[in-house]
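Derivation of every value follows stated rules applied to the coordinates shown; laboratory data play no part. All values reported here derive from a predicted model rather than from experimental measurement. Cβ placement follows ideal geometry from the backbone for every residue including glycine, while neighbour counts extend to all protein chains displayed.
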Amino acid sequence: MAEENGDVDLSQDQTEKLLHFQDLTGIEDIDRCREILQQHNWDIEIAVQDTFNKREGAPNVFSQPEAVNNEPREPSMNFQPTDQRVFTVSRPPPQGIFQWLYHVVFFPFRLVYTSLLDLIRFTVRLIRPDPRRNVTDPIGDITRFIANYDEMLGTPHPTFYQGSYSQALNDAKRELRFLCVYLHGDDHQDTTDFCRNTLGNQEVINFMNTRLLFWACNTNSPEGFRVSRALKENTYPFLALIVLRQNRMTVVARIEGPIGPLELIEKLDRIMQDNEASLIAARADREERNFTQTLRREQDAAYLESLRADQEKERKKKEELDKINQEKERLEDEENKRIQMIQEREKMKEELKNEIPEEPTADEPDVVRIVLKLPHGSRIERKFLKNQSLKYLYYFAFCHEDCPDDFHIVTNFPRRTLPCEPSAQGPDPPSFVEAGLGKNEMLFVQDNEA
C-alpha cells in the first residue's frame, strides 16, 4: 500500500491500524485516516479518542503540551472568572502617638522617594527597553530566586516548585492539584515581614507542602515579570490560587497585601473547599476516560488478535492451496514429460524401423534365424544376415510393440549379454558371426525395469 503523492509504503502493522481506525471512526476518506494516525505517531488508541473528543467538543487530554524554545506551552487559562475571590489586605493604621508621629514625619520623605524612584524607572525604560520583557532562562530565574531567598530571608518557607511557571501549571493540571503562585517584590515595604512571619510560619509551611504546589518568583526577573503581567497584581505581597475548572486552569482567588499566617491558612482552606468539587469532577471525568481508554485498548487488542488469527488461517490456507497447486503442476509436468517421451520414443521407433535391412529369405547361405522370447512369454522371430551388426536385432526388438522400452538381450547357454545396443559415439556392435551366434538361436529379452 503506498501514498499516491509520496510513494510511502506502509508496513503491515500500519495497514492494519489504518483499516481498524477507519472501521472504528467511520471516516470514509482513507487519506484523512492516514493523516490523523500520522499526527498521533500511529497510536490508534490516542487517535481514536482524540477524534471522538473533537466530535464531542471536548479537549484533547492525551496530547502533551507543545514546546516553544524547549519550554512547555501553558495550558488554557481563565484569569478573571466571575466567581473569583479577591482579598485585599491593608496595613493596619498607626497605633499610639509615637507611631502616628513617625508616620506623619516620614510620609513626605516616603512620597518623594517613591515618586523619584518611579520617575527614574520610567526614564530608564524610555531610554533602554525593560530587559525583563525577554524571558530567556526561566529555570535559571527560579533557581536564582530560591538561592537569594534562602540567603536573605532564611530557609524556613514552603517548598518552592523548582521549575518554570508553565511547568508548574502543567503539573498541577496533570496531577489535579491546587497551585499557589507567590510574586515576590524586593522593593515593597511589606515583603520582608511577610516572608519571615507568614511564609516562614511552620503551620503555613505544613499547609502549603501537604495541600498544594507552591510556585514563587521575583518580579525583577524576566520570568517573574512575565507572570506578574499575566496575573496583573496590584500590590505586594501577592498570592494567586489556581485550579483546573471546566478543562481550564482558573485563577479562583487573589490575595494582595500583608496577610498574617493564620488568616492566610483560613482563606486558602475555605477557597480550596469551595473549589474541591471541580477537582472531584475532573478526577471522575479522567477515571471515566481512563476506563474508556482501557476498554478500547482491550477491544483493540482483541480485534488485532482476532485479525492476526484470521490472517494466520488465511496464510495457512493459502500455503495449503499453493502446495496443492504446486503438486498439481508437478504431476502435470511429469505427465507432459511422459507423453513427450512416449511421442519421442514412437517417433524414434518409426525412424529405426526404416533403418532395419529387409529380411533375407530362408534359402540364403548366410542367413541367421533368431527367435526372441519376450518377458511376458510371447515369441517373435526374425532372420538376419550373419555379417550384419547386432544393432539391427536391437532395433527389431525395440520397435516391436510387445517389447519393453528398456531391455537387454541374453543367450541361454552359456548365459551372457549380447552387446547389441548401439552407442551414439562408439562403433557399431559386432555382427552375428562375431558374437558367436549360429544359424538358429533362441535369445531372451530381459526387462531392465522389472
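Stretched out fully, how many nm does the piece from Glu314 to Asp150 gain, at 0.36 nm a residue minus the Cα gap?
Working: separation 164, 0.36 × 164 = 59.04 nm, distance 7.06 nm.
Answer, rounded to one decimal: 52.0 nm.
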- Task: May I ask you to sort Val445, Val433 by Cβ crowding, counting other Cβ atoms within 10 Å and putting the fewest first?
- Result: Val433, Val445
- Over all directions, average the projected area of the Cα convex hull of the stretch 166-250 and note it in nm². 5.7
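Of all beta bridges DSSP finds with both residues in the stretch 367-447, what is the antiparallel percent, to the nearest 5?
Roughly 75 percent of the beta bridges in the stretch 367-447 run antiparallel, per DSSP.
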- Query: Based on the Cβ-Cβ distance of Asp187 and Asp269, what FRET efficiency does E = 1/(1 + (r/R0)^6) give at R0 = 35 Å, to the nearest 0.05?
  - Reply: 0.70
- Query: Remind me, relative contact order of the stretch 367-447 in percent, using alpha carbon pairs under 8 angstrom and six or more residues apart?
  - Reply: 44
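Provide His376, His400 in ascending order of the number of other Cβ atoms located within 10 Å of each residue's Cβ, fewest first.
The most exposed by this proxy come first: His376, His400.
What value in Å³ per residue do you get for the convex hull of the alpha-carbon atoms in the stretch 200-279?
Output value, Cα hull per residue: 103 Å³.
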- When you take every Cα atom in the stretch 259-327, what is the radius of gyration, and what is Dmax, the widest Cα pair distance, in Å? 28.8, 94
- Scoring only Lys, Arg, Asp and Glu (+1, +1, -1, -1) among other residues with Cβ under 12 Å from the Cβ of Met272 yields +1
- Say the cut-off is 31 Å between C-alpha atoms; which of Lys323/Lys349; Lys17/Lys317; Lys347/Lys383 go over it? Lys323/Lys349
- Mind putting together the pair-distance distribution for the stretch 156-197? All Cα pairs, 10 Å bins, whole percent per bin, short to long. 24, 43, 28, 6
- Item | J(HN,Hα) series, the stretch 234-246, from Karplus relation 6.51 cos²θ - 1.76 cosθ + 1.60, nearest Hz, glycine and proline x | 9, 7, 10, x, 10, 10, 10, 9, 10, 8, 7, 9, 6
- Tell me the GluC sites (Glu not before Pro) within the stretch 415-450 that lie in a loop according to DSSP and have at most 10 other beta-carbon atoms within 10 Å. Glu449
- Query: Between Asp363 and Asp137, 0.36 nm times their residue separation minus their Cα-Cα distance comes to what?
  - Reply: 68.5 nm
- Query: Taking Cα centroids, how far is the stretch 145-184 from the stretch 313-377 in Å?
  - Reply: 98
- Message: Based on C-alpha coordinates, I'd like the Rg and Dmax of the stretch 367-447, in Å.
- Response: 11.7, 34
- Query: Kirkwood Rh, Cα Rg: Rg to Rh for the stretch 255-386?
  - Reply: 1.87
